[in-house]
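The structure under discussion appears below in the form of C-alpha cells.
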Amino acid sequence: MKPFVRIFSGLFLIFVCHSVIFPGTAASQEKRREAIVEAAKKEGKLQIYALLVISDHMQIIQRFKEKYPFIDVQLYRGTSERLYNRIETEARANTYLVDVIGVAGFQMYQLVKRGLVGKYDSPERRHYGAGFKDKESHWTAYYVNPLVTAYNTRQVSAQDAPKDYPDLLGPKWKGKLVMEDDEIEWFSTMMGFWGEEKGAAYMRRLGAQNFYFRKGHTLMTQLVAAGEYPGAVLLYAPQTQSTRSAGAPIDWNPLNPTVTSMNVMGIAARAPHPNAAMLYVDHMLSEEIQREYISGKFFKVSARQGISSAIQQKLNQVKLIPTDISQSEHMERHTKKFAEIFLANR
C-alpha cells in the first residue's frame, strides 16, 4: 500500500471509530455505514488471522461475501499461540498483512499491550455484556468455551455426579478423575475470584486428590465418553454436549461460578484494509451469525446477549465469569504455582 493511501485509510478508520462512539441521527449513521462500504470497495481485500476451524469459518466468510461480493477474503488459520507469534514477527519486520485478528483472550491481551490491535467500537458491541468486551473497544468475544465438570453416565449416576467445587473434593473421587495438565487460565481466574488465601486452600485440597493428568480437552472428552475415566474435572461444555448428542454416554454439570475462556476478535492497528475489517467484525458479531452459525450450526456458546440454546439454558443455573485475561501478565508465576500444586507428584 502506498504511504498516502495508508495514511488516508488510518485517518478514515479513526474518523469512523469516533463517529460510532458518538452516534448521531439514524440517517447520519446510515451515511457513515455507506461511507465504510464505499471505502471497502476501493480496498477490495481482507486478510483474516483466526483460530476458528476452517470448515466453520469459511461458512461465515461465504455469507460475508454474499453481502459484499467486491471483497476478496483470505483466511489464515492457526492456534492462538501460532497466530500471536506470526503477528508479532510480521510487526518486528515492519510488515503489516493482517486486518482482522481472532485469537484467545490471553494472546489478545498481549497484542493490545504491544500496540498491535486498534480500536473499533462496532455498533454490535452493545449486545455484549461487560467482561466479554474491553472498555477501550479493542476486542469483543465472538464465542466462548465454558469449563464444566463431566462424567460417564454408565459409571456415574446423575445423582452421584459432582455438581460443584466442594463435590470434587469427596473421597470417592480420589485418584479417579482426569484433568488438563495446563489449566492455567481457569486456575488464575479462580485464584483471582476467590482471593489468594481461599483460592490456594481449595487448590491444594484439589491437588491432593491425585487425579490423572492428560493434555487436551478434546482427548479427555473422548476418554471419559469411552469409559477410560469415570469423569473429568473440567471439559468444554459445547464439546461435551455435542459428544452426548451424538449418543455417547457422557453428561456435564456447570460449576458455580463457571469460568469461560474467550475467543475474541479485533482489528489490527495497522490493518491494510481497515474498512473491510470493520464490515467483517460487524458481520461476525451480528445476531445472524451468532444465532445461525456460532450457536446453531457450530454448536458453540455465543457471548452475544439474547442467543439461547440448550447449553446456555443449563448454564443459566450458575454465574459465568470470563477468563481474567489480565492474568497473562503473571503467566510464569501462575504456571509455576499450578505445577507445584497439581503436578509435583507425577
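Every read-out reported here was derived from the displayed coordinates using simple, explicitly stated rules and does not represent laboratory data. Remember, it's a predicted structure, so these values are computed and weren't measured experimentally. Methodologically, a virtual Cβ is constructed for each residue, glycine included, from the backbone with ideal geometry; neighbour enumeration extends over all protein chains shown.
Tabulated data for the structure shown
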| item | result |
| --- | --- |
| Pair-distance profile P(r), taking every C-alpha pair of the range 72-225, with 10 angstrom steps and integer % | 8, 28, 28, 22, 11, 2 |
| Sparse-neighbourhood loop sites, trypsin sites (Lys or Arg not before Pro) in the range 196-293 - DSSP loop, at most 10 other Cβ within 10 angstrom | K215 |
| Rounded if a/c under 1.5, otherwise prolate or oblate - the range 48-132, Cα gyration tensor axes | oblate |
| Nearest 10 degrees, 0 to 90: helix 196-207 Cα axis against the chain principal axis | 60 degrees |
| Hull volume in cubic angstrom per residue (convex hull over the Cα atoms of the chain) | 134 Å³ |
| Cα gyration tensor shape of the range 193-238, rounded if a/c is under 1.5, else prolate or oblate by comparing a/b with b/c | prolate |
| Under-5 Å amide H pairs with G231, H placed in peptide plane, nonlocal only | N152, V178 |
| Extreme residue, positive dipole direction of the chain, given options F64, L75, V264 (C-beta unit charges) | L75 |
| Aspartates and glutamates whose Cα lies under 20 Å from that of K314, excluding same-chain neighbours fewer than 8 positions away | D160, D164, D167, D251, E292 |
| Computed helical MRE - 222 nm, the chain, DSSP H runs ≥ 4 contributing -39500 (n - 2.57), nearest 500 | -12500 deg cm²/dmol |
| Extension gain (nm, one decimal) between E136 and T335, 0.36 nm per residue minus Cα-Cα | 68.8 nm |
| Extension gain (nm, one decimal) between R92 and R291, 0.36 nm per residue minus Cα-Cα | 67.8 nm |
| Radius, Kirkwood style, for the range 189-271 when every pair of distinct Cα atoms is counted (Å) | 15.3 Å |
